[in-house]
Amino acid sequence: MSEPIVLVERHDAVAVVTLNRPEAMNALSRALRAELVSVFRTLGEDESVRVAVLTGAGRAFTAGVDLKEAGQTGFALGADGGDIDLAEGLAAFPWPIIGAINGFAITGGFELALMCDVLIASEHARFADTHARVGIMPGWGLSQKLSRLIGISRAKELSFTGNFIDAQTAADWGLVNRVYAADELLPAAIAMAKDMATCDPGLLKSYKAVIDDGFAQTFGEGSRLEVKRSAMHAKTVTANSVEEARKAVTARGRGLQA
């Protein structure tokens, strides 16, 4: 019996989702994309889940789309729709997704990484946008997201050369938050996820939504959206509840300083 192509492991409120086609460098076949969308839909409906960690088995996060298969089914992946639309499927997940980039994240794999809310990387991580090299256009948001993350000049350098950057360069450019030794990556991702999961669940979900919704708008529109949603949320809290939460935050800060 073959292993599942997507593995899910639970750590309390954290779900670790692992792409499991290591022999194919976790190439994003239609079957893998469909299973990944299905997994995130199921996790999104699980009331005990608060954060997901996404990583890959073997030496790659994912080498991108299965090119041999795409040659038969088409390369307009952004128009996939339905149960294999990765961008739509991951965007519908209401909780934070931490991308633990363990190895190669190439082209479509780079796009999948950019669908995560926070990226951390192994020392072995390598990023490359080879769309222009292989003759296809991105369809999962890379052309818009990358420039907003690292600046338009650096994004154009990556996309127009197709060259790889290593984990430390990715950190220096603001693409990933931190770089870890390979054996420390997943524990660090789980620890960060558990930290996030201790926040108020409703606010955690709402905060992710207002950041993402505002990011897709102009700064002025996003600011007005924040004011509107802040006013709506304010109706659900009291001075006492905020004060009690503030005490807990202060105590936590003192513990970190000790």
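Taken together, the values in this text are just the output of simple stated rules run on the coordinates, not laboratory data. Bear in mind that the values here come from a model prediction, so they are computed numbers and not experimental data. Using ideal geometry, Cβ is built from the backbone for each residue, glycine included, and neighbour counts are taken over all protein chains shown.
Remarks
- Helices assigned as whole DSSP H runs in the chain whose Cα atoms extend at least 18 Å along their own long axis and whose mean Kyte-Doolittle hydropathy is -1.0 or higher are found at 30-44, 182-197, 201-215, 219-234, 239-257.
- Separation of alpha-carbon centers, segment 48-62 and segment 11-35, rounded to whole Å: 7
- Prolate/oblate/rounded call for segment 99-232, Cα gyration tensor, a/c under 1.5 rounded: oblate
- Of the residues Thr161, Thr238, Pro22, the one whose Cα sits farthest toward the positive end of the charge dipole of the chain, with +1 on the Cβ of Lys and Arg and -1 on the Cβ of Asp and Glu, is Thr238.
- Listed residue pairs exceeding 24 Å between alpha carbons, taken from Lys156/Lys205; Lys194/Lys228; Lys145/Lys208; Lys156/Lys208; Lys208/Lys228; Lys156/Lys228: Lys156/Lys205; Lys194/Lys228; Lys156/Lys208; Lys156/Lys228
- A dipole drawn for segment 6-197 from +1 and -1 charges on Cβ atoms has a positive end, and of Leu114, Val179, His131 the residue lying farthest that way is His131.
- Per residue convex hull volume, Cα atoms of segment 148-193, in Å³: 82
- When peptides 118-125, 198-205 are ranked by their average number of other Cβ atoms within 10 Å per residue, the highest-first order is 118-125, 198-205.
- Annotation: amide H-H contacts under 5 Å for Ala27 (H modelled 1.01 Å from N, sequence separation of 5 or more, or interchain): Ala63.
- Amide H contacts of Gly56: Leu19, Asn102, each under 5 Å away and 5 or more positions distant or on a separate chain (H built 1.01 Å from N in the peptide plane; Pro and chain starts excluded).
- Ranked packing of 149-158, 26-35, most packed first, by mean Cβ within 10 Å: 26-35, 149-158
- For the chain, calculated [θ]222 nm from helices alone, where every DSSP H run of n ≥ 4 adds -39500 (n - 2.57): -15000 deg cm²/dmol
- The ratio of the alpha-carbon radius of gyration of the chain to the globular-protein estimate 2.2 N^0.38 Å is 1.05.
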